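All of the numbers you see were taken from the coordinates with simple rules; none came from a lab. Nothing here was measured: the structure is a model prediction, and the numbers come from that model. Every residue, glycine among them, receives a Cβ derived from its backbone with ideal geometry; neighbour counts consider all protein chains shown.
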Amino acid sequence: MRLMNVSIGAMLCGVLAAGCVVVAGPPGHVKHGRGVVVAPAPIVVASPPRMVFVTEFGISFAPDLDIELYEVGGVWYSLHGGAWYRADAYNGPWVVVERRHLHPRLVKIKPGQVKAHYKTHHPKKVKAKGHGKGRND
């Protein structure tokens, strides 16, 4: 039994060291075999990104990043691999958020939709990566 506990502890340390996020589900999930979700860490943002407000969606997003990063009402969100994540700061820590707990303005957004809309309607405002960080348009 002790060897099993050591093995489980070593496995969890390996998962965490590999850059994964481990999130415990609600109490009822344990009964159904869904107690822990392990997913790759979705976001690494080293410095404050340039954020722009897109009126049509009512949200701010980071047009210069390769990831989908949004900010609504002081809360940061990312759509990554079909899952939504949220954080209180642009650089995390990030946790998985169920669709029903998303800000209402984010529920209908599809992958790449906001960036495509912005590039189509504001092509001159799209800047090369690394330019304009920390400013709002």
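Suppose R0 equals 22 Å. What FRET efficiency, 1/(1 + (r/R0)^6) with r the Cβ-Cβ distance, do Glu56 and His101 give to the nearest 0.05?
0.40
Taking square-rooted eigenvalues a ≥ b ≥ c of the alpha carbon gyration tensor, is region 58-115 rounded, prolate or oblate, where a/c under 1.5 means rounded and, failing that, a/b exceeding b/c means prolate?
rounded
Could you give me the ³J(HN,Hα) list for region 74-80, computed from phi with Karplus coefficients 6.51, -1.76, 1.60 and θ = phi - 60°, whole Hz, x at Gly and Pro?
Ordered by residue, 3J(HN,Hα) equals x, 10, 9, 9, 9, 9, 9 Hz.
Given H placed on each backbone N at 1.01 Å, which residues far from Ile59 in sequence or on other chains put an amide H within less than 5 Å of it?
The answer is Val54.
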